[in-house]
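Input: a single structure, listed below in structure tokens.
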Amino acid sequence: MGLAYRFLKLTGASVNNIKGILAENFVNLALRHHIDIDIAGNSSWFALYEKMKGELDFYVRSLADYKDYEIEVKSTDESANKARAL
């Protein structure tokens, strides 16, 4: 994560954007570890939520209960409006 932070900082991205990118990347790697064990498919899905004109970070189907789960990643304490609306 430290090396990724360093390269992202060189792009001129804001600290908040960098934190968001690193948080989403961390969750993506964790989800990939669970594919074929707990999660269906070969990758987590990305979704657009048209009612809010926003995006959902990850969308997965559990192999334990076959339910779909929406995952919204936050890197700060800001409110999770998209997640609450879903």
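The values are calculated or read from the model by the stated rules, or taken from the named source; none is laboratory data. As the structure is a prediction and not an experimental result, all values here were calculated from the model. So basically every Cβ, Gly included, is an ideal-geometry build from the backbone, and we count neighbours across all protein chains shown.
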- Within the stretch 1-40, track down each residue that is part of a loop (DSSP other than H, G, I, E, B) and either closer than 16 Å to Ile71 by Cα or within 15 Å of the chain's Cα centre (by Cα) (or both). Asp38, Ala40
- Message: What are the pairs with Cβ atoms under 7 angstrom where one residue, in the stretch 60-77, is closer than 16 Å to Ile37 by Cα and the other, located anywhere, is assigned to a loop (DSSP other than H, G, I, E, B) and at pLDDT below 85? Sequence gap at least six, or different chains.
- Response: Val60/Ser44; Arg61/Gly41
- Message: I'm trying to understand the selection: among the residues of the stretch 17-37, which are of a type in the set (D, E, K, R) and surrounded by 13 or more Cβ atoms within 10 Å (Cβ to Cβ)?
- Response: Lys19, Glu24, Arg32
- Item | Filtered residues of the stretch 41-64 (kept if part of a strand (DSSP E or B) and of a type outside the set (Gly, Ala, Ser)) | Trp45, Phe46, Leu48, Tyr49, Glu55, Leu56, Asp57, Phe58, Tyr59, Val60, Arg61
- Message: Of all residues being at pLDDT 85 or above and in contact with a Gly (Cβ under 9 Å, 6 or more places away or on another chain) in the stretch 43-72, which is farthest from Asn17 (Cα to Cα)? Just the residue, please.
- Response: Arg61
